[in-house]
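The values are calculated or read from the model by the stated rules, or taken from the named source; none is laboratory data. Bear in mind that the values here come from a model prediction, so they are computed numbers and not experimental data. Positions of Cβ are generated from backbone atoms using ideal geometry, with glycine treated the same way; all protein chains shown enter the neighbour counts. Ligands, DNA and RNA are excluded from the accessible area calculation, which covers all protein heavy atoms including side chains. Shrake-Rupley method; radii C 1.70, N 1.55, O 1.52, S 1.80 Å.
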Amino acid sequence: MNQHKVPFLKNIGVHSPDFDEAHNFINSRIDNREISPLSSGSKTDNILTSQPLAGSTLFGASWSEKVHIQSEPQTTFHAILVLFGGILCKTSNTHITTGGLILIAPGQQADLMWEKSTRAVVINLSRRALIDHLGVPSLELLRKATTILQPEHQDAQLLKNGIVCIARHHEICGGEINARLQKQWESLLLTYLSGPIQLSGQDCINILPGRVRLATEWIHAHISDPISVSELLKITRTSRRSLESGFRDYLNTTPAKYILCHKLKGVRERLLSSPDTSIGDVAVAFGFNHLSNFARQYHDAFGELPSETVRQRRESRFITTKKARLQGS
């Protein structure tokens, strides 16, 4: 992929000097952003392209002018890989050059100054794909800060190589990457991004401090039982303040939120493995007695209602069964 060329040109969304058109294109596909040109006089067009990857989307971007881009707090992870030029991340006052990566976590706001003619790929990661790939019950437990990886960082280099391969695949197939390969490419990108997305120590319970490890192990062993923070205080023989401090420092959450997240994960795993089971029965089995509140909490965690999880699992099972029958005939 030529660094002077915007990737995914087979799927052009905007090719125009009109910033309002570019603004509308972005806000119809990503979290809301304000785009303010800071220079003028160029006759070059803004170019925005796209390539879907299962539930995620890649966007190629090149601006005709120096622009200031700001967003509301994001609902999922966004990564920006600089292909050519430079971007200033104002939240950390860090300048990212060609090959560098910006990873903006949920709840964080984008505040970026793109230099004129800078080309980049914006990766809008699927909330559901992140949760399923990383095996976490909620994005609540993942890193919450904006992360900068400079060009020499291994993860940035791996991601760039992956993007180059996807862009080449896009050109070869005329922008029509089939659904199976989209999912494979999405999984590859998530693998490359797993390191900077996750909190250190979060994926290895054995390195947590004793009181936090004991609490998490007890939660997992009794996840389908009623669990309260008061019980955890008795089990760990520590104060509420000390336990909450440990969860906050090492898991980026509170004991109550950790319990809720893993109960929701338990429900999701049950629905995926047994889609014919009653949603209400599964919810009650994990201690969710108010189904309207449960549905809202489930949607907040996974970006979809429990009924959508069941429907998609049933459809997937039907397609797999039908394919197997066709292959056997």
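One table, with the values for the structure above:
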| item | result |
| --- | --- |
| Scattering curve values for the chain, log₁₀ I(q)/I(0), Debye with Cα scatterers, q = 0.08 Å⁻¹ | -0.45 |
| Solvent-accessible area of Asp31 with every protein chain in place, 1.4 Å probe, in Å² to the nearest 10 | 30 Å² |
| Stokes-Einstein D in µm²/s, Kirkwood radius over Cα pairs - the stretch 101-162 at 10 °C with 1.306 mPa s viscosity | 117 µm²/s |
| Stretchable slack from Asn24 to Ser245, in nm (0.36 nm times residue separation minus alpha-carbon distance) | 75.3 nm |
| Rough spin-label spacing in nm, given labels placed 7 Å along Cα→Cβ, for Gln184 and Val229 | 4.7 nm |
| 0 to 90° range, to nearest 10: angle between helix 210-221 axis and the chain longest Cα axis | 80 degrees |
| Phi-based couplings in Hz for the stretch 120-129 (Karplus 6.51, -1.76, 1.60; Gly and Pro marked x) | 8, 10, 9, 10, 9, 7, 5, 4, 5, 5 |
| The stretch 209-300: translational diffusion in µm²/s, Stokes-Einstein, Kirkwood Rh over Cα pairs, 10 °C, 1.306 mPa s | 114 µm²/s |
| Scattering curve values for the stretch 32-122, log₁₀ I(q)/I(0), Debye with Cα scatterers, q = 0.18, 0.21 Å⁻¹ | -0.80, -1.10 |
| Straight-distance crosslink candidates among aspartates and glutamates, where the alpha carbon sits under 14 Å from Lys183 and sequence neighbours closer than 8 are dropped | Asp132 |
| Amide H partners (placed H, <5 Å) of Gly13, local residues excluded | Leu48, Thr49, Ser50 |
| Modelled FRET efficiency - R0 30 Å, Arg213 with Asp111, Cβ distances, 0.05 increments | 0.20 |
| Reachable lysines from Lys116, criterion Cα separation under 28 angstrom, eight or more residues apart if same chain | Lys5, Lys10, Lys43, Lys66, Lys90, Lys160 |
| Accessible surface of the stretch 1-109, 1.4 Å probe, proportion on carbon and sulfur as whole % | 46 percent |
| Overall dimensions of the stretch 56-190 as given by Cα atoms, namely Rg and Dmax in Å | 14.8, 41 |
| Principal axes of the stretch 158-270: Cα extent on each, largest first, Å | 61, 28, 18 |
| Helix-only mean residue ellipticity at 222 nm for the chain, each DSSP H run of n ≥ 4 adding -39500 (n - 2.57), per residue, nearest 500 | -14500 deg cm²/dmol |
| Under 5 Å, built H, 5+ apart or other chain: amide partners of Leu83 | Gly99, Arg119, Ala120, Val121 |
| Shape call, the stretch 31-75: gyration tensor on alpha carbons, a/c limit 1.5 | oblate |
| HN-Hα J in Hz across the stretch 156-171 - Karplus 6.51, -1.76, 1.60, θ = phi - 60°, x for Gly and Pro | 5, 5, 4, 5, 4, 4, x, 5, 4, 5, 5, 5, 5, 4, 4, 5 |
| FRET E, pair His68, Cys173, Förster distance 30 Å, beta-carbon r, rounded to 0.05 | 0.25 |
